[in-house]
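Step one of this worksheet: look at the structure below.
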Amino acid sequence: MFLENIKSEPRSGWIEVICGSMFSGKTEELIRRLRRAHFAKQKVEIFKPAIDTRYHEEQVVSHNSNSIPSTPVPSSSNILLLANDSEVVGIDEAQFFDNELVNVCNQLANNGTRVIVAGLDMDYTGKPFGPIPALLACAEYVTKVHAICMNCGNLAQFSHRKTDQTSLVLLGETDSYEPLCRKCYHKVISG
């Protein structure tokens, strides 16, 4: 009789953000967390922006070549349509999504979903990038990861663009970007 009176509590959702510079391990950490959820037999859905085809069109792939199947979407609103009754939603390269991503993540979390988002917190000019700053403000958990500065070996938090290309979005690798610490970044951009 006691068990009959206990109401089934809805799942509690939350937002986790993994951010940092290029080559800092953001996607690697996202994949690790998603694999653990999958191993725990949770229903997991993974999304990435359709424009990110550097390594694979339908997989999230880290610089270390670890990968996990994902669904490429053209805008953040598609995530709500495809997440269905997922217990965990992973989103990679979040900086490339529109600002509506913040509302999408909040709606998923409010509905009981664990949302794990990975993305660059700053663009190549050192300014906050896309929806990441707003996601940092509303997330329950924030993990900032760092690369190693290619000039001095200190912790790096800047993604220095090595080309003359000035468009905000430039998909690239080590041929286009290098991680730099604060001191080396400012020395390079002012020099």
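The values are calculated or read from the model by the stated rules, or taken from the named source; none is laboratory data. The model shown is predicted, which means the values in this text are computed figures rather than measured ones. Using ideal geometry, Cβ is built from the backbone for each residue, glycine included, and neighbour counts are taken over all protein chains shown.
Key figures for this structure:
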{"read-out": "Tally, over the range 123-148, of residues that are crowded, with 20+ Cβ neighbours inside 10 Å and either touching a Gly at 6+ places or on another chain (Cβ under 9 Å) or among the acidic types (Asp, Glu) (or both)", "value": "6"}
{"read-out": "Subset of the range 105-158 [in contact with a Lys or Arg (Cβ under 8 Å, 6 or more places away or on another chain), within 21 Å of THR27 (Cβ to Cβ) and of a type in the set (S, T, N, Q)]", "value": "THR113, GLN157"}
{"read-out": "Pair list, Cβ under 7 Å, 6 or more apart: the range 127-149 residue closer than 16 Å to TYR177 by Cβ, other residue among the aromatic types (Phe, Trp, Tyr)", "value": "ALA147/PHE23"}
{"read-out": "Tally, over the range 17-38, of residues that are more than 24 Å from SER176 (Cβ to Cβ), surrounded by fewer than 22 Cβ atoms within 10 Å (Cβ to Cβ) and not basic (Lys, Arg)", "value": "2"}
{"read-out": "Evaluation of GLN157 against (1) under 16 Å from GLU93 (Cα atoms); (2) in contact with a Ser or Thr (Cβ under 7 Å, 6 or more places away or on another chain) (one fails), failing number", "value": "(1)"}
{"read-out": "Filter result for SER75 (without any contact (Cβ under 8 Å) to a residue 60 or more places away in the chain and surrounded by 14 or more Cβ atoms within 10 Å (Cβ to Cβ))", "value": "no"}
{"read-out": "The range 39-54, subset within 22 Å of ASN78 (Cα to Cα) and either surrounded by fewer than 18 Cβ atoms within 10 Å (Cβ to Cβ) or aromatic (Phe, Trp, Tyr) (or both), residue modelled with the lowest pLDDT", "value": "THR53"}
